[in-house]
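This report refers to the structure that appears directly beneath it.
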Amino acid sequence: MLINSMTKVLCAMLISWHPLVMALPEDARQAIHITADSATRNDQTGITLYKGDVLLTQGSMKVTGDSIELRQTGKSITTIIAKGRPAEFQQRPAADKEVTHAYGMVLDYNIRTKELEITGQAKVSQGSDSFSGNRIIYDMNKNTVNAFSDKSDNGQRVQMIIQPKAAEQEPPVSNDKPVPEATSGDFNN
């Protein structure tokens, strides 16, 4: 019973915070919802730790893991750290874009810089494009992905799969004779 009432208090506190998140404009105006088996809050450090099949959602953002740690400065959440086998982060970057998925043993999301660092069997995918390696840094502001291999002898190498983009339709080819270029005097009647 104590855990349930504590979880309700923590959820109420989280809903009142105004994080600087997310990609879709409406995401930042959405409430944060968290479910977990247990939660521990330290007011002195500003850290709340959720354990046990944790699910955090806010608008199109979804984070899952065995544990999720929220770090707060003032009234704003500054960092989300998810750990799992693997932990997962997903979010729609724009209304007309496919959902971006990120997986790894540790996901460290800096909300202020919108930078997600993924370590341990890291993978980022959007549609049929994907990047994988031991460590990936996904910068959502710059829309860049930096992937790094494991430096050990038999470590995981960086792998990328990038699908060709649909080519724009070219104008039909005409069999007519080419039209000579006009000079400035040709347009006067």
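Before anything else, pin down the relative contact order of segment 62-108: Cα pairs under 8 Å, at least 6 apart, normalised by residue count, whole percent. 36 percent.
Look at the Cα gyration tensor of segment 58-145: its axes a ≥ b ≥ c give a/c of at least 1.5 with a/b at or below b/c, and that counts as oblate.
Using the Cβ of Ser76 as centre and a radius below 14 Å, the other residues enclosed give a net charge of +4, where K and R count +1 and D and E count -1.
Here is the link list: Lys83/Lys123; Lys75/Lys142; Lys83/Lys142; Lys123/Lys151; Lys51/Lys142. Which ones come out longer than 21 Å on Cα distance? Listed pairs above 21 Å: Lys75/Lys142; Lys83/Lys142; Lys51/Lys142.
Entry note, segment 17-150: relative contact order of 16 percent, from Cα contacts under 8 Å with a spacing of 6+ residues.
Here the Debye sum runs over all C-alpha atoms of segment 111-150 as equal scatterers in vacuum, and log10 of I(q)/I(0) at q = 0.21 Å⁻¹ comes out as -0.60. Annotation note: trypsin sites (Lys or Arg not before Pro) in segment 67-105 located in DSSP loop regions with a Cβ neighbour count of at most 14 within 10 Å are Lys75, Lys97. Per residue, segment 56-164 exposes 53 Å² of solvent-accessible protein surface, assessed with a 1.4 angstrom probe and all protein chains in place.
The values are calculated or read from the model by the stated rules, or taken from the named source; none is laboratory data. Predicted model, so just to flag it, every value in this text is computed and none were measured. Glycine also receives a Cβ, built like all others from the backbone with ideal geometry; neighbour counts cover every protein chain displayed. Keep in mind that these areas ignore ligands, DNA and RNA; they rest on the heavy atoms of the full protein, side chains included. Shrake-Rupley method; radii C 1.70, N 1.55, O 1.52, S 1.80 Å.
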